[in-house]
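The values are calculated or read from the model by the stated rules, or taken from the named source; none is laboratory data. Note that this is a predicted model, so its numbers are computed, not measured. Reconstructed Cβ throughout: ideal geometry from the backbone, glycine too, with neighbour counts over all protein chains shown. These area figures cover heavy atoms from the full protein model, side chains too; ligands, DNA and RNA do not enter into them. Shrake-Rupley method; radii C 1.70, N 1.55, O 1.52, S 1.80 Å.
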Amino acid sequence: MDNLINKLALYLSSSSVTTVLTGAGMSVESGIPDFRSKSGWWRKIDPRTVATIEALETNYDLFHEFYCARIRGFQECYPHKGHHLLAEWEQTGLIQAIATQNVDGFHLVAGSKNVSELHGSIRNFRCNGCGSPANKADFLSKHTCVNCGGKLRPNIVLFGEMLPEQAWDTTLRNIQMSDLVIIIGTSLEVYPVNELPSMTNGKTVLINKDLLDSYHQFDLIIQGNAKEVLEKTDEIMRAK
Ligand code: NAD
């Protein structure tokens, strides 16, 4: 693996614009299971059947129960060293932007600034009816919207919903400008984010625990854990 990490360090030091794209695997070492984890509290339930606009509209009790459990799970977890290294790398100009599919907000908590949360954030809430902002306590207590009586929800993108336009446009611009795109911890099965690696003329690097069935040809694939690979890359960059 050391040779591959050396190559990543070389790519990083010769790139002027680098974007990092992360998925659920980025936060697994923080204690948050990904979709395909064999363990964890959503083993019995496929989140894709609950994290939908249909579930919110037709089975709010289940939707609410599922997201209360997710929120409680997130409360006990924190960004790991890998998140903090990405924030440092942004500060020192090694990377320019992060786009994430994660709703945990960990990149922002770790101090990254230029972050596009493509699937929203579970730290914010709003009314599904009128869009008014809401707070976490009201969502957890299953209150309805003070304005219109609508159902409250986390400000995340559910299956079947559009991605936030600004986050998507910013990401697309960043990816198109990049000499290097580093993709970390994602199965690249969720549309339209899985199309992003094909939208750059720059080099693409995949850091992932499992090998993917992706049609995209990466310039470099490092099979490993996000935190460990980022730590090793940082060591090499510091020694340069
Ligand atoms: P996914 O579960 O489909 O794929 C995760 C990938 O990460 C897998 O290929 C797995 O091999 C890899 N992985 C697991 N542990 C890893 C580690 N320690 N280091 C590196 N790679 C690791 O997740 P996805 O592609 O992000 O898509 C799932 C959707 O679910 C996303 O839309 C996301 O919004 C949502 N999600 C978010 C969170 C979160 O916010 N933390 C958690 C789970 C799911």
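Summary of values
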item: Options 180, 196, 188: the member that is among the hydrophobic types (A, V, I, L, M, F, W, C), within 13 Å of the ligand (Cβ to nearest atom) and at pLDDT 95 or above; result: 196
item: Enumeration of residues in the range 184-203 that are in a helix (DSSP H, G or I) and of a type in the set (Ser, Thr, Tyr); result: 198
item: Residue 119, sole failed condition from (1) within 16 Å of the ligand (Cβ to nearest atom); (2) closer than 25 Å to residue 231 by Cα; (3) open to solvent by 20 Å² or more (accessible area, probe 1.4 Å); result: (2)
item: The lone exception for residue 74 - which of (1) touching a helix residue (DSSP H, G or I) at 6+ places or on another chain (Cβ under 8 Å); (2) at pLDDT below 95 it fails; result: (1)
item: Residues of the range 204-233 that turn out to be open to solvent by 20 Å² or more (accessible area, probe 1.4 Å), in a helix (DSSP H, G or I) and either more than 10 Å from the ligand (Cβ to nearest atom) or among the small types (Gly, Ala, Ser) (or both), as a count; result: 2
item: Residues of the range 125-165 satisfying the condition of being free of Cβ contacts under 8 Å to residues at least 40 places away in the same chain, touching a Cys at 6+ places or on another chain (Cβ under 8 Å) and open to solvent by less than 40 Å² (accessible area, probe 1.4 Å); result: 127, 132, 134, 145, 150, 152
item: Count - residues of the range 116-137 that are assigned to a loop (DSSP other than H, G, I, E, B), at negative phi and not aliphatic (A, V, I, L, M); result: 6
item: Members of the range 87-115 found to be among the aliphatic types (A, V, I, L, M) and either open to solvent by 20 Å² or more (accessible area, probe 1.4 Å) or part of a loop (DSSP other than H, G, I, E, B) (or both), listed by number; result: 94, 95, 103, 108, 109, 115
item: Residue match in the range 66-78 (condition: within 25 Å of residue 137 (Cα to Cα), open to solvent by less than 60 Å² (accessible area, probe 1.4 Å), assigned to a loop (DSSP other than H, G, I, E, B) and not aromatic (Phe, Trp, Tyr)); result: yes
